[in-house]
Structures are given as structure tokens and as C-alpha cells.
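Taking it in order: structure first as C-alpha cells, then the write-up.
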Amino acid sequence: MSQTYNPELTPEIRDRIKFMEEISLNAWPSHKIELYDGWLIRFSRNYTYRTNAVEQIGPSSIPVDQKVAYCEKIYHDFGTPSIFKINPLISPSFDQLLANRGYDIRHVTQTMTANLDHVRLMKSDLSKYEFDNRRGLPSEVHYSPARIPSVHSAASADEDFPSQTQEVGIPGEWKPFSVLLNCYITEEWMNGLFHLNGTSNPELRRIVRYMYAAIPKYTIAASIEIDGRMVASGLGICDRDYIGIYAVYVSPGCRRRHYARAVLSTLLREGKRHGAEKAYLQVVKGNIPAKSLYYSVGFRDFYTYWFRSRWIS
């Protein structure tokens, strides 16, 4: 059996997914990568599924059972589960082969996309430019309580897009705040991210810093601080005509204050200003609050992928 593209896909959909997989690989490097007969064996000490899984990027010539066994030995030697990413490009027969070998489905993820000409962004109040940078990126984007309630705060999946980008107010009482921006990832931003996502292992912190430093594309790091502590984060990664949205976290004690919406709106606005025409992000299936936010902004589901995982004894 050979790993080929899923024959059920149309060429147009196949090419779109292939492109999306390519730019998401650019956006999220692993700590270690081995190229093996059209497969990427990725390893990052289990920081995320995506950076610790086998991904198929080209045709195969080695028999599939031999290839799977080789990958299993690699991950066994690393002391981690053997993980394979299954996206719609992969032949369903390969997914079934892994199921027959005892691999369980883990971490089902949905890729969503948006056209930046048809998004609903939270209305900003003022932008400050307190330092010079090559990209002309504002250092702060302020958000004040909106006087006009949003009529698009709960967009449905089948709602028509607006004819152009809209900036809308958000109903309810909330205090003014600022989204801080930087054109590179700072040590302070990384420390804040570790606090928000619960990364405490010293070795993992060291490795993940290298992973973020290895991103080859232009990045926009966003954060919100209260009393000098980062309580919300986001990262925009620009690649050709897309901006990818990553690392969106909000401290549990600071949710329902529109911080995630503001971070997302700021990144999309700046991404468009720097040439992006579209946006993408990935969200774990079942994360209803995140999906509701993304739908309301204008993102729509594109395709789903998942991981097959098994510990090899």
C-alpha cells in the first residue's frame, strides 16, 4: 500500500489543503525534524501534537509497514508515544492501517479560514507608536467601551459575510485596555505565554524558545497586561497572502472581558495592513467558546485533521 493523496478530493480542494498544510508547517517548526522518504518525523518533547507527529509531505517508495515500524522505533527511543497526523490529503486506508495497529484518535482539530475583506473586527479607539520599527507596527492599540452594540456578536455558520470589513462595538460593561504589539517575540512575551499555557518544565521552556525563534516568517506578537502581568496573548504569522493566528490564551480570571476578541481583531487588522488577504487558525474540536468567537469574527470551517497515537512498548 502506498501513501497517496485521498482520491475522493477534487484537485482544487486538494491544492488548497496542501497549501494550508505547507504554511502551517512554516509557522510552527519542531525542535527536531527528520525527513524520511516523503515523511517528516517531528519531535519537540510532547509540547504539542502538531510538533511531535509524523506528517506526510510527498510520495513514498518504501513499503508502508516498514516505514511505520521505523517511525515507531524513533518515538520509542525518544520515550514518547508514536503519533501520526491524519489530514484529508491522506488515503483513508492509511488511517485504517493505524487503527488496526492499535492507534487511537487524539486531538481532533478544525482548520478555519477567513477573507480579510469580510471580517468583523472589534473597534479600536487609538493606536500609539512609541518606538520605531521597520514594519511601522503600533506599540499599543487601545480599546474603550463601545457606545454602539454589535449586531453581529453571534454570527451563525451560514450567515452571509458583510460586503466589506466591519468594525463593530461590543455590548456590555467593560473597562478600557490596550493590546501591546511587537514585531518580534521577546523574552517577556515568552515568559507570559508559559504562564498562560502552564508550561513549567525548564527543559521544555528552553526547547520551545528555540522553536519560536526558528519561525522563518514575519511575526506579530500581541499581549494584554494588567499590573505588569500578561493576561492575554496572541501571535500572528504572515506567509504570502495569509496571516496565521496562533497562541491565543486568556488567563482564566480575565475571561469575558473581550480580550481574545481584541487580540484577534488587532492581529487581523495589522496582518491586512502588511499585505495579508486571508487568515487561518486551528481550534480543537469541541472548544465551543473559541469557535463561537471565530465564527462571529468571520472565520468558517475548512477541513478537519486529527492524530493517531500509540505507546510502543
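Here, each number is a calculation from the coordinates, and none is a lab measurement. Because the structure is a prediction, the values reported are computed rather than measured. Every residue, glycine as well, gets a Cβ built from its backbone with ideal geometry; the counts of neighbours run over all protein chains shown.
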Separation between the ILE105 and THR186 pseudo-spin-labels, each 7 Å from Cα along Cα→Cβ, expressed in nm? 4.3 nm
Trypsin sites (Lys or Arg not before Pro) within region 204-240: DSSP coil, no more than 15 neighbouring Cβ in 10 Å: LYS217, ARG240
Tell me, what is the FRET efficiency for ILE226 and VAL284 to the nearest 0.05, using R0 = 25 angstrom and their Cβ-Cβ distance as r? 0.40
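Mind ordering 67-74, 79-86, 97-104 by average Cβ neighbours within 10 Å, highest first?
Per-residue Cβ counts within 10 Å, averaged per peptide and sorted highest first, yield 79-86, 67-74, 97-104.
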Considering only the other residues whose Cβ falls under 13 Å of the Cβ of THR266, what net charge follows from Lys and Arg at +1 and Asp and Glu at -1? +2
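Pull out the extension gain between TYR129 and TRP311, defined as 0.36 nm times the separation in residues minus the alpha carbon to alpha carbon distance; nm, one decimal.
60.4 nm
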Ranking THR51, THR186 by Cβ neighbours within 10 Å, fewest first, what do you get? THR186, THR51
Farthest toward positive dipole pole in the chain [+1 Lys/Arg, -1 Asp/Glu at C-beta], among CYS183, GLY253, VAL108: GLY253
With each label point set 7 Å from Cα along the Cα-Cβ vector, what nm distance links TYR36 and ASP301? 3.3 nm
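Do the alpha carbons of any pairs in LYS32/LYS272; LYS123/LYS291; LYS85/LYS291 sit beyond 24 Å of each other, and which pairs?
LYS32/LYS272
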Tell me the label only: which of (i) 1.14; (ii) 1.05; (iii) 0.94 is Cα Rg over 2.2 N^0.38 Å as calculated from this structure? (ii)
